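The next block holds one structure in the form of C-alpha cells; read it before the comments.
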Amino acid sequence: RPLCARSDGEARVTRVLRERFPRASAIRVVDISGGCGAMYEIHIESEDFREKRTVQQHQMVNQALGEEIKAMHGLRIFTSTPKA
C-alpha cells in the first residue's frame, strides 16, 4: 500500500475525532496494521472525559467513530483528561 493511504486513514479518523471532541487538548491516531487501515491506536486527552469512568470514555470514542469502525478489525483506545 502506498504511504498516502495510511496517512489518509489516520487523517480521516483524526478529523472525525476533532469534530466530536473539540475541547481535546491532544489527539493522536496511528495505523498499527501496517498501513492497510484495519487497526488503529487512538490517544485522546479531553475535558469531555472528566468525571467519567474509562469504559464510558471509550464508549464515547466508539460512538464518535461509528461509521469508521465498520471498516476496522481492531481499535486500541487510550483516553485521559488534561492534568490540572
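Could you bin all the Cα-Cα distances of the range 8-80 into 5 Å bins starting at 0 and give me the percent of pairs in each, rounded to whole numbers?
Taking every Cα pair in the range 8-80, the percentages come to 3, 17, 32, 27, 14, 6, 1, 0.
Relative contact order (percent) for the range 8-80, with alpha-carbon contacts under 8 angstrom and 6 or more residues of separation? Show your work: numbers first, answer last.
Working: 104 pairs, mean separation 24.5, N = 73.
Relative CO of the range 8-80 lands at 34 percent.
Can you give the % of DSSP beta bridges in the range 8-80 that are antiparallel, to the nearest 5? Please list the in-between numbers first.
On the way: 7 of 14 bridges.
Bridges in the range 8-80 that DSSP calls antiparallel: roughly 50 percent.
Specify the angular offset, from 0 to 90 degrees and rounded to the nearest 10, of the alpha carbon long axis of helix 54-64 from the longest principal axis of the alpha carbons in the chain.
Helix 54-64 sits at roughly 50 degrees to that axis.
Applying a 10 Å radius around every beta-carbon, put 43-50, 28-35 in order of their mean neighbour count, most first. Mind dumping the intermediate values first?
On the way: 43-50: 18.2, 28-35: 15.4.
Ranking the peptides 43-50, 28-35 by packing returns 43-50, 28-35.
In deg cm²/dmol and to the nearest 500, what is the mean residue ellipticity at 222 nm of the chain if only DSSP H runs of at least 4 residues count, each as -39500 (n - 2.57), divided by the residue total?
Numbers: 3 runs with 33 residues, N = 84.
Roughly -12000 deg cm²/dmol at 222 nm, from the helical runs in the chain.
All of the numbers you see were taken from the coordinates with simple rules; none came from a lab. Since the model is a prediction, treat every value here as computed from it, not as a measurement. Quick reminder, even Gly has a Cβ in these numbers, built from the backbone with ideal geometry, and neighbours come from all protein chains shown.
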